[in-house]
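Take a look at the structure below.
The values are calculated or read from the model by the stated rules, or taken from the named source; none is laboratory data. Only a predicted model underlies this, so the values are computations on that prediction, with no experimental measurement involved. With ideal geometry, Cβ positions are generated from the backbone for all residues, glycine too; neighbour counts draw on all protein chains shown. For the accessible areas, the whole protein counts, side chains as well, though only heavy atoms, and no ligand, DNA or RNA atoms are used. Shrake-Rupley method; radii C 1.70, N 1.55, O 1.52, S 1.80 Å.
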Amino acid sequence: MVRGNSTSKVSRWDGHGREHVVRVERTGVQRLIRCGTCGWRRNAQFLPWLKAEEHLAEAHQATVDPAATGSRPADPR
């Protein structure tokens with residue numbers, strides 16, 4: 001069985017309503033995690049989505065999951 005490359009994403013919103021996205025690119029068993037906001041990158045074979053969520057929370061304080069809320073968070077201005 002031949003497996004190709006694929007890409008998925010983890011997105012979270014911060015307290016200001018800004019969306020931050022980390023893409024997870026798969027090549028075989030290896031995953032490359034790349035942040036679209038700051039350019040952070042990391043190779044990960046296991047739990048890449050958890051590492052992506054941790055980066056978003058720690059580096060960008062982005063913890064609101066758009067899939068869980070169903071809508072954009074209110075702008076706190």
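Return only the number of the condition from (1) open to solvent by less than 80 Å² (accessible area, probe 1.4 Å); (2) farther than 15 Å from residue 6 by Cβ; (3) in contact with a strand residue (DSSP E or B) (Cβ under 8 Å, 6 or more places away or on another chain) that residue 26 does not satisfy.
Among (1) open to solvent by less than 80 Å² (accessible area, probe 1.4 Å); (2) farther than 15 Å from residue 6 by Cβ; (3) in contact with a strand residue (DSSP E or B) (Cβ under 8 Å, 6 or more places away or on another chain), the lone unmet condition for residue 26 is (2).
Could you say whether any residue in the range 31-47 is of a type in the set (Gly, Ala, Ser) and surrounded by fewer than 11 Cβ atoms within 10 Å (Cβ to Cβ)?
Here is the first cut: in the range 31-47, the ones of a type in the set (Gly, Ala, Ser) are 36, 39, 44.
Filter once more, keeping what is surrounded by fewer than 11 Cβ atoms within 10 Å (Cβ to Cβ): 39.
Yes, there is a match, as at least one residue in the range 31-47 is of a type in the set (Gly, Ala, Ser) and surrounded by fewer than 11 Cβ atoms within 10 Å (Cβ to Cβ).
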